[in-house]
Amino acid sequence: MLGEYRIQGRRAADIAASVERAVGDGMLEPGQLLPPMRELAAQLGVNPNTVAAAYRTLRERGVIETAGRRGSRVRPRPASTAREAIRVDAPPGVRDVSQGNPDPALLPSLTEALAAAGERAAERPVLYGAPAVDPELERWVRAAFDADGIPQGPVAVASGALDAIERVLAVHLRPGDAVAVEDPGWGSLLDLVPALGLRTVGMEVDDEGPRPDAVERALRAGVSAVIVTGRAQNPTGAVVSASRARALKTVLAAYRQVLFIEDDHGHGIVDQRPHPVAGVTDRWVLVRSVAKAYGPDLRLAVFTGDPDTVDRVQGRQRLGPGWVSRLLQGAVLRLWTTGAVDARVVAASYGKRRDALIAALAERGVVAYGRSGLNVWVPVPDETGAVARLLHAGWAVAPGARFRMDTAPGVRITVSSLSPDEIRAVADAVADAVAVGPGRARRHE
């Protein structure tokens, strides 16, 4: 069971340390089965309760996981290399459509907003003890949330959507808890959950977001949290419709103790209005970031939720960074209130490119998805082969392995900087790449 390694110790802390040390040294590998508690207790000459306490400590630290009668195993190591490393580096001459970045031409200039925020800060310096959230920003955000039908709750600020999600998970969940995530879904989130010592449970996604039956299966399996993307789902572009929101609310209403997190990172780049699901459960949060519409370097997201959750997050935040720069908050407020970005214009620009690529692929017999956002998701029979052939043809796309767990292979194409001529060219290349397979010939040969 453990090969040459022998767990040692007489106290629970020593036994746990022995296992953790072996995992760190590579002597116990991910997936390796540990001895049953009574068996290990007999080997060490200790009470089974001592071993039970050691195993409990290891579960809480995210070192092992227990699956009932199947026993306890060493957990897969949290990702030390992000899924972003599952990528294709674009050599000279190859067009990179893999990054998921917005079109720089559609981002606003930050010069005036930062200057205005600086002048305001000079007049009213923010010192220790000042509110963590700019009062004007808070009022503006709350009004925007009200207009979108988002339930009442205090407003807080984090350093981006992922930072907010991590903080919310950390204040409610413990290592070993399960989190339901979209599959395929945001690669950074798929890394974050195991890095926190949590388990991922996939939920199938269609054009309207997570399928209600998939969400219900995850809830019945005992997940402690559910994370849903409202619009511009990455990588598929799914949008939660009004009917899907109602169906998800019906499912969640029977599991009020579950933590629900809604990610609205598509705000400002989509023309589909939000249909928020958040607020059905007792513990909930809705996060809205500015990265896609105003620039990734504006590390800021606003969020609201139930008062207890927001208070916990802000309390923990005070013990770390303290607050997100009020200078940055002032700049974002300026951008929002001056209408620096016209969401309709931006959404139309991205939509025109997505629709053109999906239509071009359809003309070539290739099915693709992308109702909103910056990306188009293309299912492929052979992901590795398709990525390699596209690279050879001059296109670097994102491998689907960055975004999926159990769903079928695919590739993600970012459309944000594609020209009409490039759309036709990449459609030809994709059609050629997916046409190659056992018993099939490459197109145009």
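Results, tabulated for the structure shown:
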| item | result |
| --- | --- |
| The chain - mean residue ellipticity at 222 nm from DSSP helices (-39,500 (n - 2.57) per run, n ≥ 4, rounded to 500) | -12500 deg cm²/dmol |
| Pairwise centroid distance, computed over Cα atoms, of segment 130-172 with segment 320-366, Å | 19 Å |
| Alpha-carbon centroid distance for the pair segment 1-57 / segment 370-424, whole angstrom | 45 Å |
| Hydrodynamic radius of segment 22-131 per Kirkwood, over alpha carbon pairs, in Å | 20.2 Å |
| Relative contact order [Cα under 8 Å, 6+ residues apart], segment 12-74, whole percent | 41 percent |
| Charge dipole (debye, nearest 20) of the chain; +1 at Cβ of Lys and Arg, -1 at Cβ of Asp and Glu | 1040 debye |
| In sequence order, calculated HN-Hα J values of segment 330-343 (Karplus, 6.51, -1.76, 1.60; Hz; x Gly/Pro) | x, 5, 5, 4, 4, 4, 5, 6, 8, x, 5, 10, 9, 4 |
| Inter-centroid distance (Cα atoms) of segment 215-253 relative to segment 263-313, Å | 15 Å |
| Fraction of the pair-distance distribution of segment 12-74 above 18 Å, Cα-Cα pairs, percent | 26 percent |
| Percentage, to the nearest whole number, of Cα pairs in segment 111-337 over 23 Å apart | 45 percent |
| Cα centre as origin, Lys/Arg/Asp/Glu Cβ charges: segment 12-74 dipole, Debye | 260 debye |
| Listed candidates [x] 259; [y] 167; [z] 178 - label of the one calculated as volume of the Cα convex hull per residue in Å³ | [z] |
| Relative contact order, percent, the chain [alpha-carbon distance under 8 Å, six or more residues apart] | 18 percent |
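Laboratory data are not the source of any read-out in this text; all were calculated from the coordinates shown. Note that the structure is predicted; figures quoted are calculated from it, not measured. No Cβ is skipped: glycine too gets one built from the backbone with ideal geometry, and neighbour counts run over all protein chains shown.
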